[in-house]
Each structure stands twice: as structure tokens, then as C-alpha cells.
Amino acid sequence: MTDKAARGAKGPDELRRQIERTRSELGATVEELAGKMDVKGRARARAADLRDKAGAMTVQLRSTAAQAGHTMQERAAKAGHQVQDKATKAGHQVQDKATKAGHQMHDNATKAGHRAHERALRTGHSAQDTAQSTGQELQHRAERGMPWPARPVVQAAMRHPRPTLVIGATLVAVVVISRRHPKK
């Protein structure tokens, strides 16, 4: 929070700007969290990598079994088939485990994303409620806290801040000029 926000808004326009700035910062924070929480993409890539490795392992083991079967033909045919069957089963087991792990990572990432989204919404609503109540409190103080002669002037300034700022700037300019160029 900036120093201006800590001191409170000077008017409704500044309060609106502060609210928009807070919303913008909150949106950036949510985007950062969403980028960090892209476990789903990483889980998919990891699952695809494990599937590729399992497929490559299956191909490699089949090739090895086929070569052994050709060279040893009848003697090694039985052993080659056993190795091939075991390799296929191992490949399927690895693929199944990788798929399960990928689904679990996807589910976890989805849950984490939902939780982060819910937290961000709650934080945004809380900030909006705080800003609204602060604005109402400031308006209440301005309306009730001023002595009678100044109250109508302050209320008019709150309803029409632009003319008030112009008049204030003119007064400041007159004071600065009169101090720089005093009458002799």
C-alpha cells in the first residue's frame, strides 16, 4: 500500500483510483499465481515423456527378443517369448503408473488453481469492502465533523471537486506571488 492509501483518500475520485490500482495489483498477483500453478501442463508433459520412454523400452525389448530368437531360433524361441511378454507387461505397468500419476497431478493442480482463485476473489471482495467503508467513513466525517459555517462549503467541495481545486490553486498562486513580490 502506498503512503497515499495509508493516509486515506482526499476525495471520491482519488478513492476510485486507489480501488482501481488495488484491483490491478490483485489481478497481477492472480496472474502470477496462475503461472506458477501450471502443474497441469507440466504433468501432461511428464506423462507424455513417461509414455514415450515406456514405448521405447517396449520396442527395444521386443527388438532384443527378436534378435535372440533369430540367432538361437528353436532353443531361444521359448525364452524370447517369455522376455517379450514380460517386457510388454512391464511397459503396460509403467504406462499405467505414468497415466495415474499424470491424472493425480492434474487433479492436484486443478484443486490448487480453484483454491487460489477463491482466495483471490475473497481478497478482492475484502479490499473492495474496506475501500467502500473507508470512503463512507470519510464522507460521514466530512459531513458531520465540520462546524456549521464550514460544513456547507466542504459538502459543496465534495460534490464538485473540480471547481474547488481551481479555486484552491488560484489562492495558492496569489499567496505565492504576494510573498515573492511584497508591496513596498
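The values are calculated or read from the model by the stated rules, or taken from the named source; none is laboratory data. Just so it is clear, the structure is predicted and the values come from calculations on it, not from any experiment. For neighbour counting, all protein chains shown are included, and Cβ atoms are generated from backbone atoms with ideal geometry for every residue, glycine included. Ligands, DNA and RNA are stripped out before the accessible areas are found, and what is left, the full protein with its side chains, is counted by its heavy atoms. Shrake-Rupley method; radii C 1.70, N 1.55, O 1.52, S 1.80 Å.
Some points to look at:
- Residue in segment 125-132 that is small (Gly, Ala, Ser), modelled with pLDDT of 85 or more and open to solvent by less than 80 Å² (accessible area, probe 1.4 Å) present: yes
- Scan of segment 146-166 for residues that are more than 15 Å from Lys10 (Cβ to Cβ) and small (Gly, Ala, Ser), ordered by number: Ala150, Ala156
- Qualifying position, being touching a residue at least 40 places away in the same chain (Cβ under 8 Å) and surrounded by fewer than 13 Cβ atoms within 10 Å (Cβ to Cβ), among Asp96, Asp52, Asp85, Asp38: Asp38
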